[in-house]
Amino acid sequence: MKNKNSNTKIQLKSISKYFKVEGRNKLVLDRVSFDVKEGELVGIVGPSGCGKSTLLNIIAGLIEQDKGAVKISAIPWEKRLGRISYMQQKDLLFPWRSVLDNAILGLEINGMFRDDARQKAIGIIDTFGLRGFENQYPFTLSGGMRQRLAFLRTVLLDQDILLLDEPFGALDNFTRVKMREWLQSLWESFNKTIILVTHDIDEALFLSDRVYVFSKRPGRIALEQVVNLKRPRDRKIVISQRFMKMKKRLLERLFYE
Amino acid sequence: MNKWLLPLLILICLLSVWEFGVKLLGIPVWQLPSPSLIGKELANSSGLLWTHTAVTLQEVILGFIAALFAGIFLALAIVYSKILERSIYPIIIASQTVPIIAIAPLLLIWVGYGVAPKVIVVALISFFPITVNTVDGLKSIDEDKVNMLRTLGASRWQIFTKLQIPSSLPYLFSGVKIGISISVIGAVVGEWVGASAGLGYLMTYSQPLFLTARVFAAIFILSVMGIGLFLLAVLVERLILRWHFDEKRSKTLA
Ligand SMILES: Nc1ncnc2c1ncn2[C@@H]1O[C@H](COP(=O)(O)OP(=O)(O)OP(=O)(O)O)[C@@H](O)[C@H]1O
Ligand SMILES: [Mg+2]
């Protein structure tokens, strides 16, 4: 297992969120609290519409919670926008930018010269399986490559915290399995704190140190599952006894209602 | 190249029918000259025609540039100010019901007989499609992409330059293509109501003298001018929006 110091990186304290729907307040997140340690990967699974994306939006600073607090490294960061990497459900690539120029968007926004930014991106483009496509437009890429490019754009800014919202949701099963192994090896090498939202229980257990199961809306934590499996995890781990037991527990909780 | 073949064939057919029809039916030249006679007129009076073409072309280009700037500026103002959107936008749309031919004589009274009133008429007729399309383009912005940029730390200005401008360009070019095709009409209308040069002037001058072949020669040049300007806009569009067309092509293949 990877060395983790026990510093708390992300602290969510009783986060609640309402949305106004037809003039009435609808509770979407109900007092969600959990901590993520530095270098930890925490998975979140839950039924559609339970507020998973909303929670990530709040952590990233895109929207404001109605109650509760978000603390980063024990400090209540008010201005989190631009300081936490966030990969949303869609790839959101710009069709008018080449692959390379899509990747460097964040660097450019933070004032790096284009040429320097391109150099930096080219340095790690191999890891993302995009070598040879630098000057193509995104429409020439396969679904898996688009997702990896969105990923590259997200991590190139090199923030400590990475939020991933269904990063492989749009992909076929085969590609997804390969992508999760790729993500595991990537994560081993870059020591970031990650929150991963997914529909795929195998994916959550395979990648995470801990998994939270959310109840259906209003989302609250229904179950915490610690995943004590040795890393790096092998593809076949998903059919091991211990994995199956955890999976059974999660499934039972997910379909409990 | 195949897509040019059919229209070209149809055009050749029409011209032949015209050529031989005129001869067979014995229609007098002052009523309807044959295409070959119009061609001859183009060659014989090339010096005169060119002088007037240059004047009209100048009016069109100046007017269109004015329309482009005014059109984009108005679109930005409308998109960025709710008050302007509610006040000016309806007026601009309503203004399009006022026939331009009715305004042209007034312009003569206000700004005189020179190039200015023609340039204004061209601008008035061409800015509208540019404004309307650009407004649509600026508003078609994808909120998810805005949020993505915000998580990367983008300022409002960066969102404008890196997302809003590029994503509105295809719309802007639709407006430019319409605007530039009708700009020639604007120049002719401007010249009809009062001018001393230009192809529109040449037509109003030649028609009472029954120089019908010359009127047709002027019409021919005007349409070539319109088509040429349109193709120029298409060319610039293809150069600037290469990604747009590559993507469209790949989608039609798929
Ligand atoms: N801006 C908004 N205004 C009103 N309601 C919203 C808004 N954003 C989200 N919601 C509602 O909040 C609930 C939670 O949405 P959210 O996108 O967080 O769900 P999710 O868990 O990510 O779902 P999925 O797994 O399908 O992505 C949904 O019922 C959604 O309709
Ligand atoms: Mg979601």
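The criterion of at least 3 residues that are more than 16 Å from ligand 2 (Cβ to nearest atom) is met, among strands (runs of 3 or more DSSP E) falling completely within segment A:129-244, by A:221-226. Any residue at all in segment B:134-149 that is outside any helix (DSSP H, G or I), surrounded by 20 or more Cβ atoms within 10 Å (Cβ to Cβ) and within 14 Å of chain A (Cβ to nearest Cβ)? No, because not a single residue in segment B:134-149 is outside any helix (DSSP H, G or I), surrounded by 20 or more Cβ atoms within 10 Å (Cβ to Cβ) and within 14 Å of chain A (Cβ to nearest Cβ). Evaluation of A:L62 against the conditions (1) within 16 Å of ligand 2 (Cβ to nearest atom); (2) out of contact with any helix residue (DSSP H, G or I) (no Cβ under 7 Å at 6 or more places or on another chain) shows that the sole unmet condition is (2). Summed over segment A:122-143, the residues that are more than 22 Å from the chain's Cα centre (by Cα) and more than 12 Å from chain B (Cβ to nearest Cβ) give a count of 6.
Go through segment A:5-33 residue by residue and tally those that are away from ligand 1 (no atom under 16 Å from the Cβ) and assigned to a strand (DSSP E or B).
Here the count works out to 7.
Under the condition of being of a type outside the set (G, A, S) and either in contact with a Pro (Cβ under 9 Å, 6 or more places away or on another chain) or free of Cβ contacts under 8 Å to residues at least 24 places away in the same chain (or both), the residues counted in segment B:51-92 number 13. Of all the criteria given as (1) over 30 Å from A:Q136 (Cα atoms); (2) surrounded by fewer than 20 Cβ atoms within 10 Å (Cβ to Cβ); (3) among the hydrophobic types (A, V, I, L, M, F, W, C), the one not satisfied by A:M112 is (1).
None of A:G39, A:G68, A:G82, A:G111 is part of a loop (DSSP other than H, G, I, E, B), away from ligand 2 (no atom under 14 Å from the Cβ) and within 25 Å of A:Y212 (Cα to Cα) except A:G39.
Yes/no matrix, rows are residues, columns are (1) of a type outside the set (A, V, I, L, M); (2) surrounded by fewer than 17 Cβ atoms within 10 Å (Cβ to Cβ):
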position: B:L5; (1), (2): no, yes
position: B:P28; (1), (2): yes, yes
position: B:I61; (1), (2): no, yes
position: B:L68; (1), (2): no, no
position: B:F73; (1), (2): yes, yes
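Pairs linking a residue in segment B:175-194 that is part of a loop (DSSP other than H, G, I, E, B) to a residue that is crowded, with 24+ Cβ neighbours inside 10 Å and not hydrophobic (A, V, I, L, M, F, W, C), with Cβ atoms under 8 Å and 6 or more positions apart or on different chains, are B:G194/B:P117.
Residue check: is B:V115 surrounded by fewer than 21 Cβ atoms within 10 Å (Cβ to Cβ) and within 14 Å of chain A (Cβ to nearest Cβ)? Answer is no for this residue.
Within this structure, A:Q119 fails the test of being under 14 Å from the mean Cα position of the chain (by Cα) and at pLDDT 90 or above.
Given the options A:I58, A:I63, A:I44, name the one that is near ligand 1 (Cβ under 10 Å from one of its atoms), part of a loop (DSSP other than H, G, I, E, B) and either within 13 Å of chain B (Cβ to nearest Cβ) or buried (at least 17 other Cβ atoms within 10 Å of the Cβ) (or both).
Result: A:I63 is the single residue among A:I58, A:I63, A:I44 that is near ligand 1 (Cβ under 10 Å from one of its atoms), part of a loop (DSSP other than H, G, I, E, B) and either within 13 Å of chain B (Cβ to nearest Cβ) or buried (at least 17 other Cβ atoms within 10 Å of the Cβ) (or both).
To keep it simple, each residue is scored yes or no on (1) in contact (Cβ under 8 Å) with a residue 12 or more places away in the chain; (2) within 16 Å of ligand 1 (Cβ to nearest atom).
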{"residue": "A:F133", "(1), (2)": "yes, no"}
{"residue": "A:T140", "(1), (2)": "no, no"}
{"residue": "A:G143", "(1), (2)": "yes, no"}
{"residue": "A:V155", "(1), (2)": "yes, no"}
{"residue": "A:L164", "(1), (2)": "yes, yes"}
{"residue": "A:G169", "(1), (2)": "yes, yes"}
{"residue": "A:S189", "(1), (2)": "no, no"}
{"residue": "A:L196", "(1), (2)": "yes, yes"}
{"residue": "A:F206", "(1), (2)": "yes, no"}
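Taking segment A:66-86 as the range and being among the aliphatic types (A, V, I, L, M) and more than 9 Å from chain B (Cβ to nearest Cβ) as the test, the residues that pass are A:A69, A:V70, A:I72, A:A74, A:I75.
The values are calculated or read from the model by the stated rules, or taken from the named source; none is laboratory data. Bear in mind the structure is a predicted one, so any value in this text is a computation, not a measurement. Positions of Cβ are backbone-derived with ideal geometry, glycine not excepted, and every protein chain shown enters the neighbour counts.
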